[in-house]
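Data first, discussion second: the structure below is written as C-alpha cells.
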Amino acid sequence: MSLSNKPQKDMEITPAGTWHKPQYGMEDLLAIMRMLRSENGCPWDKEQTHESIRKNFLEETCEVLEAIDLKDKDLLKEELGDVLLQVVFHARIEEEQGSFSFADVVDGICKKLIERHPHVFGTVRADTSEQVLKNWDEIKQKSKGQTTAGQTLLSVPKTLPMLMRSQKVQSRAAKAGFDYTDAQMALEDLQSEVRELQAAISAQNPADMDEELGDVLFSCVNVARFLKLDAEESLGRSCEKFIRRFLKVEELAAAQNVDMHQADIDTLNALWKQAKELQ
C-alpha cells in the first residue's frame, strides 16, 4: 500500500484557538492526532510507540466492558471514545512510517464485513444465527489459509485472558470432533485432574504442581463449556461475591472487636459463615 497519492497534512499547523469547535467529527480527531505527533505537538505523544501504549489499549477496552456492565450510557460513550483514540494513535504511528493509514484500516474492515456477510451482500442463504456463524468461520479459515483444525487453534491469540483463550481453543477442537460426549464426562475428567494435582502436592514437585494446576483450570473450562457457561464471566461473578463477603467479614470483625490479623482460622471461618448467612 502506498501513501504517495494521499494528501499530506502532517505539516499543516492550525493557529491556536481555531481548534475549538462546538462539534467535532472523525476528520477532526485524525487532525488532532497529527498535531499531537507533529514537531510542534506534545512531547509525550511524540515519544510513544506501539509497545509503549500497548497496555493502554487493553485498559481502555476493559473500561468499555465495565461501562456496559454498569449500563452507564454516558460512561460508555466516553470509554468508546478512548478506544477509538487508541485505534487512531496506532494507525497514525504506522502512517508516519509509510505502511498504512487510518483510511486503510477502515477500508480493510469494510471489505471484511462485506466478504463475511454473503447472505446480506451476496447471494448466499443464511436464515439462522447458527448458519451465519458457520459461514463466517468457513470464510475466515479460507481467507487466512487455514486448512486444518490445528491451525485454527494456533490462531487463537495468546494475549487473551487464559480462561477465554482456553474456551476458544476447546470450542475449535470440538468443531473438529475432538470432544467429550457430555458434561458428566467433562466433570469426571476434572475430578481426575484434581486427584493428579493432589498427588503432585503430596510429592512436593513444583513443576508437576504447576502443570497439574493448569490441567485442573483447563478442565474447569471444559465443564463450563458443556454447561453453556462463560468461564471468564463465571469466575468474575465469584470474584465479586468474594469481595462483597470479605467486606462483610471485615464489618463483622470490627463490630465483634476481632483482630483479623491475629484471629485463628476457626474464628475467621465463623465470621465467613456469618457473612454468608447475611448475604
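All of the numbers you see were taken from the coordinates with simple rules; none came from a lab. Predicted model, so just to flag it, every value in this text is computed and none were measured. Quick reminder, even Gly has a Cβ in these numbers, built from the backbone with ideal geometry, and neighbours come from all protein chains shown.
Values for this structure:
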| read-out | value |
| --- | --- |
| Charge sum, other residues only, whose C-beta stays under 15 Å from Asp182's C-beta, Lys/Arg counted +1 and Asp/Glu -1 | -1 |
| Reciprocal of mean inverse Cα separation for the chain (Kirkwood radius, Å) | 24.3 Å |
| Relative contact order (%) - criterion: Cα under 8 Å, at least six apart; region: the chain | 10 percent |
| Lysines with Cα under 27 Å of Lys273, excluding same-chain neighbours fewer than 8 positions away | Lys241, Lys248 |
| Mean shadow area of the range 43-125, taken as a quarter of the surface of its Cα convex hull (nm²) | 7.8 nm² |
| Rounded tilt (10° steps) of 265-278 against the dominant C-alpha axis of the chain | 70 degrees |
| FRET efficiency, 1/(1 + (r/R0)^6) with R0 30 Å, evaluated for Ser238 and Asp259 via beta carbons | 0.65 |
| Expected 222 nm ellipticity per residue - DSSP helices of 4 or more, -39500 (n - 2.57), all of the chain, to 500 | -22500 deg cm²/dmol |
